[in-house]
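A short write-up of the structure that comes next.
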Amino acid sequence: MAVAAIMATMNVNAQEKGEFSYKLRAGGVLSTFTNNNDAKSKIGPMWNFGADYMLTDNFGLSLEVHNEYLGAKYKETNKRVTLDYVGIPLQAKFYIVPWLAVQAGPQISFLLTGRYNGNKVHQSVKVKDQFKTVEFALPVGLSFEPQIGSYGDRLLIDFRYRIGLSKANKEPYRNEDFRNSAFILTIGYLTDFFN
């Protein structure tokens, strides 16, 4: 409600058909493994850049490249697995109002590194070879985009739930095949200055 009240006081600028916008955002990821009874959520960073293109005045496509740190903590030991991915999502965006869009679309991710982090006695161990190098997901969410300048620049607050579509591990862990699942919240800047 507070966010909606703030946005109501800001200028809004409707998107226009054929318009490109460019964005940069960063934030956090709350991730875990689904179908793994030992896993609980962990927090990691995320950054992103991309471009939006409006097909109509209220419907567009968004292509992005981002770096996200997924994985999970284990309940019994409180140790964590951190998986560093580069993801490429293609999102369809529908604007309910000029400053609020619902979005969903497929994503392909490539695993860069994987580590099992212990304490001072047990240092981190590389575990990349235990996980698949390519992973598919379906992010769905909301994008708040109030105008903050006179040239069409916009604040970008993006909230997504990332649904893992393919299994993350190569071999079953305790007879379980699990997937990455994550809530993602980022804040950034969106501009059509280069048009």
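The values are calculated or read from the model by the stated rules, or taken from the named source; none is laboratory data. Keep in mind it's a predicted model, so treat the numbers as computed, not measured. Ideal geometry is used to build each Cβ from the backbone, glycine not excepted, and the neighbour counts take in all protein chains shown. Remember, those area values only see protein heavy atoms, side chains included, never the ligands or the DNA or RNA. Shrake-Rupley method; radii C 1.70, N 1.55, O 1.52, S 1.80 Å.
Looking at (1) under 17 Å from Pro139 (Cα atoms); (2) of a type in the set (Asp, Glu); (3) at pLDDT below 95, which one does Asp153 not meet, given that it meets all the others?
The number of the failed condition is (1).
Can you name every residue in the stretch 164-184 that is surrounded by fewer than 20 Cβ atoms within 10 Å (Cβ to Cβ) and at pLDDT 95 or above?
Phe183
Conditions first: (1) crowded, with 16+ Cβ neighbours inside 10 Å; (2) over 24 Å from Gly188 (Cβ atoms); (3) not aromatic (Phe, Trp, Tyr). Gly87 passes all but one, so which condition is the exception?
That leaves (2) as the condition not met.
State which residue pairs qualify: first residue over 12 Å from Phe144 (Cα atoms) and basic (Lys, Arg) and inside the stretch 76-105, second residue open to solvent by 50 Å² or more (accessible area, probe 1.4 Å) and part of a strand (DSSP E or B) in any location, beta carbons under 9 Å apart, and separation of 6 or more residues or different chains.
Correct list of pairs: Lys79/Lys73; Lys79/Tyr116; Arg80/Lys73; Arg80/Arg115; Arg80/Tyr116.
Condition (residue is closer than 16 Å to Leu185 by Cβ, touching a strand residue (DSSP E or B) at 6+ places or on another chain (Cβ under 7 Å), free of Cβ contacts under 8 Å to residues at least 24 places away in the same chain and surrounded by 20 or more Cβ atoms within 10 Å (Cβ to Cβ)) applied to the stretch 62-74: is it met by at least one residue?
yes
In the stretch 37-84, what count of residues is obtained for those that are in a loop (DSSP other than H, G, I, E, B), in contact with a Leu (Cβ under 9 Å, 6 or more places away or on another chain) and either charged (D, E, K, R) or closer than 20 Å to Arg162 by Cα (or both)? Step through it out loud before you land on a result.
Taking the stretch 37-84 and keeping what is in a loop (DSSP other than H, G, I, E, B), we get 37-38, 41, 55-58, 75-79.
Checking which are in contact with a Leu (Cβ under 9 Å, 6 or more places away or on another chain) leaves us with 41, 55.
Now restrict to residues that are either charged (D, E, K, R) or closer than 20 Å to Arg162 by Cα (or both): 41.
Residues that pass the stated criteria total 1.
Identify, from the list Phe110, Phe59, the residue that is open to solvent by 30 Å² or more (accessible area, probe 1.4 Å), under 22 Å from Asp153 (Cβ atoms) and either in contact with a strand residue (DSSP E or B) (Cβ under 6 Å, 6 or more places away or on another chain) or among the basic types (Lys, Arg) (or both).
Details: Phe110 fails: under 22 Å from Asp153 (Cβ atoms).
None of the others qualify; the one that does is Phe59.
Testing Tyr85 on (1) out of contact with any Lys or Arg (no Cβ under 9 Å at 6 or more places or on another chain); (2) within 17 Å of Ser21 (Cα to Cα), one condition comes back false. Which one is that?
With respect to (1) out of contact with any Lys or Arg (no Cβ under 9 Å at 6 or more places or on another chain); (2) within 17 Å of Ser21 (Cα to Cα), Tyr85 is out only on (2).
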